[in-house]
Amino acid sequence: MNIAIDGPAGAGKSTIARKLAEKMGLIYVDTGAMYRAMALYMLRQGIDASDEAQISSACDAANVSICYQDGSQQVLLNEENVSADIRQEEVGNMASSISVYPNVRQKLVALQQKLAKDADVVMDGRDIGTCVLPDAEVKIYLTASVETRAMRRYEELQKKGAPCNLEAIMQDIKERDDRDMHREASPLVQAKDATLVDSSDLSIAQVTEAIWEICRKKG
Ligand code: DC
């Protein structure tokens with residue numbers, strides 16, 4: 001059984017997908033982390049996000065792979081574990097920018113499809129139900145209002161003691177949504193056969209329960 005969870009940044013996809021995978025004994029695959037690893041490579045090379053030709057050819061030298069340590073996904077970039085480095089805000093924005101290029105997508109989609117072929121997965125991203133796993137048994141479109149997503153991110157950064165500004169976070173989220181939803185290649189849209197779950201007024205436990213129930217009904 002494969003479960004696809006798509007949705008905008010900050011909707012809670014990774015938290016929910018991880019919990020669901022644990023509960024169902026499936027492998028969790030965070031595809032955003034792969035785009036982030038590719039983005040980190042481009043940042044390190046000093047390549048500009050708008051330079052499609054250079055990004056497309058640099059893709060060949062960026063070998064992204066994943067492995068699991070104590071059940072948690074680790075992302076490797078040319079054999080280096082970059083799981084912590086890819087969480088920076090700058091890397092997330094670069095990932096959103098370079099994910100518009102077909103060459104980047106082709107390479108990572110092939111890796112994602114291979115992973116789902118080799119194991120039963122809960123995979124989260126932007127195009128899993130529409131493009132990567134069109135035959136997934138369960139498809140969820142998980143969303144939340146921009147205000148809720150910005151507040152969650154703000155609280156997360158505050159907890160870490162990182163400097164943050166709610167207005168700036170909200171602006172960032174709106175720009176990322178706009179780019180992810182309006183790009184030409186595999187934009188973020190709800191698959192026709194996906195179930196919409198709005199997590200704005202729900203706790204993590206309630207969302208997990210709702211999706212668990214959807215999976216249960218699908219057998
Ligand atoms: O989920 P995330 O924030 O880690 O993803 C970072 C960016 O990667 C996101 O803004 C768009 C891109 N992405 C994508 O285009 N397709 C996916 N399946 C996953 C992520």
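The values are calculated or read from the model by the stated rules, or taken from the named source; none is laboratory data. Just so you know, these numbers come straight off a predicted model, no measurement behind them. Reconstructed Cβ throughout: ideal geometry from the backbone, glycine too, with neighbour counts over all protein chains shown. To get the accessible areas, we keep the full protein, side chains included, count just its heavy atoms, and leave off ligands, DNA and RNA. Shrake-Rupley method; radii C 1.70, N 1.55, O 1.52, S 1.80 Å.
For the reader, a short list of remarks on this structure follows.
- Residue-normalised accessible area of the chain, given per residue in Å² at a 1.4 Å probe: 49
- Computed per residue of the chain from DSSP H runs no shorter than four, each worth -39500 (n - 2.57), the mean residue ellipticity at 222 nm is -15500 deg cm²/dmol.
- Estimated FRET transfer efficiency when R0 is 35 angstrom, pair Asp70-Val189 (beta carbons, to 0.05): 0.50
- Each peptide in 128-138, 40-50, 101-111, 158-168 receives the mean, over its residues, of other Cβ atoms within 10 Å, and ordering these scores from highest gives 128-138, 101-111, 40-50, 158-168.
- Charge dipole of segment 41-195 about the Cα centre (unit charges at C-beta), most positive-ward option of Ser186, Tyr141, Ile98: Tyr141
- Dividing the mean sequence gap of close Cα pairs (under 8 Å, 6+ apart) by how many residues segment 80-219 holds gives a relative contact order of 31 percent.
- A quarter of the convex hull surface defined by the alpha-carbon atoms of segment 156-196 gives 4.4 nm² as the mean projection.
- Built amide H within the under 5 Å cut-off of Ile27, gap 5+: Asp120, Val121, Val122
- Cα centroid of segment 152-189 to Cα centroid of segment 36-73, whole Å: 20
- Spacing of the modelled spin labels on Arg216 and Lys117, each 7 Å from Cα toward Cβ, amounts to 3.5 nm.
- Segment 6-17 - phi-based ³J(HN,Hα) in whole Hz, Karplus 6.51/-1.76/1.60, Gly and Pro as x: 10, x, x, 4, x, 7, x, 4, 5, 4, 5, 4
- Taking each residue as 0.36 nm, the span from Met1 to Ile204 lengthens on full extension beyond its C-alpha to C-alpha distance by 70.8 nm.
- Only Lys, Arg (+1) and Asp, Glu (-1) charged, at Cβ; the chain dipole about Cα centre in debye: 440
- Packing rank of 52-61, 12-21, where each peptide gets the mean count of other beta carbons within 10 Å, highest leading: 12-21, 52-61
- Once the chain from Arg44 to Glu175 is taken as fully extended at 0.36 nm per residue, the excess over their C-alpha distance is 44.8 nm.
- Ile66 long-range amide H proximity, modeled H, under 5 Å: Leu76
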